[in-house]
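Let me begin by presenting the structure, written as structure tokens, before commenting on it.
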Amino acid sequence: MKFSAEYRVDTHDTDLNGIASATSVMQYIQETANLQHEAFGPTMDELRASGKAFVLSRCALDILLPLRAQNRLRAESWLCEAKGYGYFRNCLLYRDGELAASMAAFWGVIDIASRKPLRAEEVSLGFGTDEQTLQTAAPVRFRIPKELTLAPVGEHTVVYSDCDENLHMNNTQYPGVFCNCLPDMKGRRVTGFSISYQNEARLGDTFTVLSAQEGDSHLFRTILSDGSVGAEALMTLGSL
């Protein structure tokens with residue numbers, strides 16, 4: 001079952017180039033999924049009350065067009081059939097009828113208390129799934145080559161403004177953290193973003209950001225304070 005929602009780009013969603021940041025684009029897309037759950041259930045509050053939560057495992061985002069303040073957007077989102085411990089959810093984002101962004105994401109289901117994964121079927125949906133798949137230019141799965149040397153480019157402490165109710169850094173915040181580690185974003189925009197979330201960055205934790213450039217791609221890895229890998233990402237940039 002496909003679900004649609006409309007938005008207008010808020011001035012406060014734009015960056016130093018006057019365009020919606022990758023974080024903002026991800027938030028429009030994910031809010032559409034939230035609205036579908038609000039309309040048909042289970043809501044995120046209902047899911048949390050049952051001791052369960054959706055967590056984003058990995059996603060691939062293409063941003064085809066720059067989005068500016070007051071642009072009107074329409075998002076179309078759908079959940080695919082359950083696959084073991086989660087679901088693929090796809091979304092298309094349009095600006096004035098023209099495709100502006102697309103995202104394919106795999107969401108897992110966890111038991112909040114134990115943080116252990118649950119089978120997707122343990123969540124009873126109030127709406128149907130759709131079989132339509134979505135192909136993105138950004139890869140849903142990727143691997144950082146072992147022979148590639150990643151160098152430290154910054155640190156980030158997870159603070160109040162990063163977090164959601166699960167008390168960890170919200171998944172949409174990562175593109176901004178990585179862009180902060182690049183030398184200069186003036187005149188450039190994110191055109192593709194892929195990320196694999198491996199371990200959550202909890203409120204108060206400080207992680208190190210490692211990076212390397214391979215061709216047109218910037219590769220990132222976060223190392224948490226306990227030495228574990230938090231996330232790995234691949235980002236492509238384009239000129240405005």
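What to note about this one:
- Cβ pairs under 8 Å, 6+ apart, first in region 102-127 and in contact (Cβ under 8 Å) with a residue 12 or more places away in the chain and among the polar types (S, T, N, Q), second part of a strand (DSSP E or B) and surrounded by 15 or more Cβ atoms within 10 Å (Cβ to Cβ): S102/L61; S102/D62; S102/N90; S102/C91; S102/L92; S102/L93
- Check on A69, in contact with a helix residue (DSSP H, G or I) (Cβ under 6 Å, 6 or more places away or on another chain), surrounded by fewer than 19 Cβ atoms within 10 Å (Cβ to Cβ), modelled with pLDDT of 95 or more and farther than 16 Å from F3 by Cα: yes
- Sub-6 Å Cβ pairs linking a first residue in region 193-222 that is touching a residue at least 40 places away in the same chain (Cβ under 8 Å) and over 28 Å from L65 (Cβ atoms) to a second residue that is of a type in the set (D, E) and part of a strand (DSSP E or B), at least 6 apart or interchain, are T206/E155; T208/E155; R221/E232, ordered by first then second residue.
- Test: residue in region 164-178 that is aliphatic (A, V, I, L, M), closer than 22 Å to T14 by Cα and touching an Asp or Glu at 6+ places or on another chain (Cβ under 8 Å): yes
- Verdict on A212 being over 19 Å from the mean Cα position of the chain (by Cα), hydrophobic (A, V, I, L, M, F, W, C) and buried (at least 16 other Cβ atoms within 10 Å of the Cβ): yes
- Residue selected from region 163-203 under the condition among the charged types (D, E, K, R) and over 15 Å from A22 (Cα atoms), by the criterion surrounded by the most Cβ atoms within 10 Å (Cβ to Cβ): E200
- Single unsatisfied condition, E98 versus (1) at pLDDT 95 or above; (2) within 15 Å of N34 (Cα to Cα): (2)
- Of the residues making up region 3-49, those that are assigned to a helix (DSSP H, G or I) and of a type outside the set (A, V, I, L, M) number 18.
The values are calculated or read from the model by the stated rules, or taken from the named source; none is laboratory data. Here the structure is a predicted model, which is why all the values come from computation and not from measurement. Neighbour counts run over all protein chains shown; Cβ positions are idealised from the backbone, glycine included.
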